[in-house]
Amino acid sequence: MSASVLFVCLGNICRSPLAEAALVAEAERIGLDLEVDSAGTGDWHLGYPPDPRSVAVAQRNGVDISHLRARQVRPEDFHVFDQIVALDLQNLANLEAMRPAGAKAELSLLMDHVPGREGQAVADPYYGEDSLFDATWREVTEGAAALARRLKEQHG
Ligand code: 4NP
């Protein structure tokens, strides 16, 4: 049975679309059957494509994310996805607060999956310099690779 993962950041235009793309690529690489999506806790960018700086950094790394569109996380997601993975601690706190009773989704921080980086955030690059997006890409690919390895062990 395939696993399903939802990545959640604030706007769903910078970090979580990159994490989604990185996990899809890594799952394909290691032969893991996965459903992957992303969403934001905020509602400012609903229906919009990812930030041009995220589209550009993904492109530089061989991945096209321009077709993705922002959506807001909803309570049903906790019944649909096995794993809901927050990019930072504020996202995680917001998800914990909205988690419905009886939800199946396991909540974690992306960096919890990287040995030695447990509890750490993927910093919000939105108001930073363009070069921050390269650091974001490196972090989400590291996190996605570690998460993919763990899911491969669990689901084959
Ligand atoms: P993200 O980045 O959460 O990684 O998508 C942000 C995008 C937009 C805003 C903040 C962070 N904003 O304040 O509009």
Q) Within the stretch 127-138, can one find any residue that is open to solvent by 50 Å² or more (accessible area, probe 1.4 Å), hydroxyl-bearing (S, T, Y), farther than 19 Å from I84 by Cα and at pLDDT below 95? A) yes
Q) When the stretch 130-141 is examined, which residues are found to be over 13 Å from D51 (Cβ atoms) and either touching a strand residue (DSSP E or B) at 6+ places or on another chain (Cβ under 8 Å) or part of a loop (DSSP other than H, G, I, E, B) (or both)? A) S131
Q.
Can you tell me which residue is most open to solvent (accessible area, probe 1.4 Å) among those in the stretch 65-79 that are in contact (Cβ under 8 Å) with a residue 24 or more places away in the chain and under 19 Å from A25 (Cβ atoms)?
A. L68
Q | For G42: the one exception among (1) buried (at least 20 other Cβ atoms within 10 Å of the Cβ); (2) within 10 Å of the ligand (Cβ to nearest atom); (3) more than 19 Å from E142 (Cα to Cα) | A | (1)
Q. Do you know which residues across the stretch 33-77 are hydroxyl-bearing (S, T, Y) and under 30 Å from G102 (Cα atoms)?
A. S38, T41
Q. Looking at this structure, is N12 assigned to a helix (DSSP H, G or I) and among the polar types (S, T, N, Q)?
A. no
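The values are calculated or read from the model by the stated rules, or taken from the named source; none is laboratory data. Computed from a predicted model, the values in this text were never measured in an experiment. Because the Cβ atoms are built from the backbone with ideal geometry, glycine has one as well, and the counts that use them run over all protein chains shown. Note: areas computed on protein heavy atoms with side chains; ligands, DNA, RNA excluded. Shrake-Rupley method; radii C 1.70, N 1.55, O 1.52, S 1.80 Å.
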